[in-house]
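Novice: Have a look at this one before I ask anything.
The values are calculated or read from the model by the stated rules, or taken from the named source; none is laboratory data. Predicted, not measured: the structure shown is a model, and the values here were computed from it. Backbone-built Cβ (ideal geometry, glycine too); neighbour counts: all protein chains shown. Quick note on the areas: whole protein, heavy atoms, side chains included, nothing else; ligands and nucleic acids left out. Shrake-Rupley method; radii C 1.70, N 1.55, O 1.52, S 1.80 Å.
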Amino acid sequence: MAGDVYTVAGGKGGVGKTTTAVNTAIALQDAGRRTVVVDADLGMTNLSELLGIDHEPRLHDVLAGEAEIGDAIAEGPEGVSVLAGRGTLESFAEADPSNLQPVLRALKRSFEAVIVDTGAGLSHETLVPAGMSDGIVLVTTPDEVSLTDARKVGELAERVEGRIVGAVLTKVRDDVDVSEVGEELGHEILGVVPQDDVATADEPLVITSPDSYAAQAYRRLGTKLADRIDDPTIERPVES
């Protein structure tokens, strides 16, 4: 049976999309689901830097037709698989975002969970995974600008038949009313990640700071997605 694709998206940069993608992927791997995390932020890739992975070839080479998918996958923390990109202008120019769809289809056949990290807003390389995902996880902070941008991303994603499964609220202070934020956003809050500068200083925090509230939030999110993967009643997108 094919695995599930979950796209991590958000309207603003700096809200924690990559942190959410990485820590959720590791949580899923630890929960016994074969998981790969993909850096589809083709213009501002940073997954390899965050995880300290120096592996060649990379996703950009696959999208340019110069490498096979299997050769570009590296092993990351806790055994999670990583398909990282390369942050050079030359690689960005040569990579063909339209090839993301066959890449993700191939990964679905080999993994139970495919977590796709995307750039800010909705570019072509975000729309491709969003349109074929089993679920889109919005990431936003509680501030008004971030929430407004996240709502716009959600609306645009739904226009390409993307399915919003909920949102992760990051950098949450004690005075934030999470229920009120959820109502304003219009989507279920899947996880609440408190502001924790110490825990997030050394990623991935589910490994480096496993007892932190932030790590526990990502573990719970991983459990929720694992439950979705195991649920046969959830309708999956039909591949064209």
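Novice: Can you send over the carbon and sulfur percentage of the accessible area for the chain, probe radius 1.4 Å, protein chains only?
Specialist: On the way: 5120 of 10640 Å².
Ligands and nucleic acids excluded, carbon and sulfur give 48 percent.
Novice: Working with all protein chains in place, sort Asp175, Asp202, Asp61 by solvent-accessible area computed with a 1.4 Å probe, largest first.
Specialist: Sorted by accessible area, descending: Asp175, Asp202, Asp61.
Novice: Additional query: Once both axes come from the Cα atoms, what is the angle between helix 100-110 and the longest principal axis of the chain, in degrees from 0 to 90, rounded to 10?
Specialist: In the chain, helix 100-110 runs at an angle near 90 degrees to the longest axis.
Novice: Among DSSP beta bridges lying fully in the chain, give the percent that are antiparallel, nearest 5. Intermediate results must be reported in sequence, preceding the final value.
Specialist: Values: 2 of 29 bridges.
Expressed as a percentage, antiparallel bridges in the chain total about 5.
Novice: Would you look at the GNM of the chain, springs on alpha carbons closer than 10 Å, and say which of Asp134, Asp174, Asp117 moves the most?
Specialist: Asp174
Novice: Using the Cα centre of the chain as the reference point, and only Cβ charges (+1 on K/R, -1 on D/E), how large is the resulting charge dipole? Debye, rounded to the nearest 20. It would help to have the intermediate numbers written out before the result.
Specialist: Details: 20 positive and 43 negative charges, 99 e Å.
Computed about the Cα centre, the dipole is about 480 debye.
Novice: Next question, about the same structure. Within the chain, what's the longest run with no GluC sites (Glu not before Pro) in a DSSP loop and at most 16 other beta-carbon atoms within 10 Å? Give the range, please.
Specialist: Numbers: sites that count: Glu66, Glu68, Glu161, Glu188, Glu235, Glu239.
That would be 69-160.
Novice: In nm, give the distance between the simple-model label positions of Asp197 and Arg105, each being 7 Å from the Cα along the Cα-to-Cβ direction.
Specialist: So the two model labels end up 4.8 nm from each other.
Novice: Would you kindly find the accessible area of His55, with a 1.4 Å probe and non-protein molecules such as ligands, DNA and RNA excluded, rounding to the nearest 10 Å²?
Specialist: In the full protein context, His55 sits at about 50 Å².
Novice: Then there is this: With a 1.4 Å probe and all protein chains kept in place, how do Met44, Met132 rank by accessible area, largest first?
Specialist: Working: Met44 140, Met132 20 Å².
Correct descending sequence by accessible area is Met44, Met132.
Novice: Expressed as an acute angle from 0 to 90° and rounded to the nearest 10, what is the orientation of the C-alpha long axis of helix 213-230 relative to the principal long axis of the chain?
Specialist: 60 degrees
Novice: When the solvent-accessible surface of protein heavy atoms is calculated with a 1.4 angstrom probe, in what order do Tyr218, Tyr213 fall, highest first?
Specialist: Details: Tyr218 5, Tyr213 165 Å².
From most exposed to least exposed: Tyr213, Tyr218.
Novice: For a quick check, take a GNM of the chain with Cα springs below 10 Å and name the residue from Ser179, Ser133, Ser209 with the largest mean-square fluctuation.
Specialist: Taking springs between Cα atoms under 10 Å, the residue moving most is Ser179.
Novice: With all protein chains present, calculate the accessible area of Lys12 using a 1.4 Å probe and round the result to the nearest 10 Å².
Specialist: Counting only protein heavy atoms, the figure is 70 Å².
Novice: Only residues of the stretch 189-219 count here: report those whose backbone N is under 16 Å from the spot 7 Å along Cα→Cβ of Asp230, or say none.
Specialist: Backbone N within reach: 219.
Novice: Kindly report the accessible area of the chain per residue (heavy atoms of protein chains, probe 1.4 Å, no ligands, DNA or RNA), in Å². Before the final figure, lay out each step's value.
Specialist: Details: 10640 Å² over 240 residues.
Counting only protein heavy atoms, the per-residue value for the chain is 44 Å².
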